[in-house]
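Worksheet: one structure, shown below.
The values are calculated or read from the model by the stated rules, or taken from the named source; none is laboratory data. These numbers were taken from a predicted model, which means no experiment stands behind them. Using ideal geometry, Cβ is built from the backbone for each residue, glycine included, and neighbour counts are taken over all protein chains shown. Please note that ligands, DNA and RNA were not included when accessible areas were found on the heavy atoms of the full protein model with its side chains. Shrake-Rupley method; radii C 1.70, N 1.55, O 1.52, S 1.80 Å.
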Amino acid sequence: VVVEDLERDVRAMAADNHTMDGFMQILTPQATSCSLHPVVMFEVLDHYTRRNVEDGRVVGALLGSVNTDGSVALKNSFAMPHDIVDQDFLGFFNTMSELHHRVNPRETVVGWYTTTKSTDAVGKQEEVGEEDVHLHAFFEEKIGDRYPCVLLRVDANIHSSTTIGVSAFTSSSMGLKSDKNAPELVLGKCFQRVQCAIRAYEAERIGVDFITQNTIGQGGGEVLGTDLEKLESSILKLNMMIESTISHVDAIIDGSLKPDTKVGRSLAEAIAAVPDVSPAEFQVSLDKGLQDLLMVHYLGAITQAQISFWQKLQSL
């Protein structure tokens, strides 16, 4: 909890002959949760690795959308030049937010991010610091009262740990009132932690899996492979998952494994999602899809050959 000049304000109320039999009031916003997309994590870490050596941390704006249930989806971000709110900071923010709005009007500013400092990593500190209050007030003013402003703190000191610490916070005003009808005297901000879970689209999940499962060497990294290779890899992976599921079900039937209702419900939902088709119809559908894939691959090869011929003719 960050309280600004609490003692001074209380003494001022006493000097104005206000009764001190009042009560403290915290205006708590609606409980919310966050879904963090991997692209935001990559952008935060990229911003941190490209920072100046003398900069202790980096800050930036979070872009996303608010769902009907009040949860906030953190889908994108853009970096800010420094962590001091001045005219340059304001002008840069207005320019970047306007450009992002032109590209994707569905994404709006929903909060801001900051990386922890090296001193925080030593003491395992995850609380919001006093230097975060002014920045949070700036982004709160830009967002308005439509939904809570989300503060995302990322522990970017990955050289000292095997995991990346991520924590999200929202704030509420803390005020003092002498009685129920008296005007509220705002004393500071109260930050509370909110739930933050990683969510990814299918394309993001494929990219993250490729990055985590392949190492980058001197040649510039692994190659994604052709469409046929990716199709073969997907079929092998699906076959392994089916075999693992069959082994799990057989172990439960034999009594060697204790049944789990959560796993059983997930398996039932997965089986119900499979369309009820005959083996002959499935084979016809698979053959058509494979033929379409081969045709696209053939047309791509012809296009690549035509481009190569054109480049050779231009060099003559």
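Could you tell me whether residue 283 is closer than 18 Å to residue 231 by Cβ and assigned to a helix (DSSP H, G or I)? For residue 283, the condition - closer than 18 Å to residue 231 by Cβ and assigned to a helix (DSSP H, G or I) - is met.
Of all residues in the range 43-70, those satisfying the criterion of being open to solvent by 30 Å² or more (accessible area, probe 1.4 Å) and among the polar types (S, T, N, Q) are 49, 52, 67, 68. Within the range 271-295, being open to solvent by 90 Å² or more (accessible area, probe 1.4 Å) and either of a type in the set (A, V, I, L, M, F, W, C) or more than 30 Å from residue 249 (Cβ to Cβ) (or both) holds for 271, 274, 282, 288, 291, 292, 295. Entry remark, the range 191-206: residues being in a strand (DSSP E or B) and among the hydrophobic types (A, V, I, L, M, F, W, C) number 5 in total. Kindly check whether there is at least one residue in the range 28-41 that is open to solvent by less than 70 Å² (accessible area, probe 1.4 Å), aliphatic (A, V, I, L, M) and outside any helix (DSSP H, G or I). Yes, the conditions are met somewhere in the range 28-41. The lone criterion from (1) modelled with pLDDT of 90 or more; (2) under 26 Å from residue 245 (Cα atoms) left unmet by residue 302 is number (2). Picking from residues in the range 71-109 that are of a type in the set (Phe, Trp, Tyr) and farther than 22 Å from residue 147 by Cβ, the one that is most open to solvent (accessible area, probe 1.4 Å) is 92.
Is it fair to say residue 8 is open to solvent by 30 Å² or more (accessible area, probe 1.4 Å), modelled with pLDDT of 85 or more, of a type in the set (D, E, K, R) and in a helix (DSSP H, G or I)? Against the criterion (open to solvent by 30 Å² or more (accessible area, probe 1.4 Å), modelled with pLDDT of 85 or more, of a type in the set (D, E, K, R) and in a helix (DSSP H, G or I)), residue 8 does not qualify. Annotation note: of 238, 267, the sole residue that is under 25 Å from residue 228 (Cα atoms) and hydrophobic (A, V, I, L, M, F, W, C) is 238.
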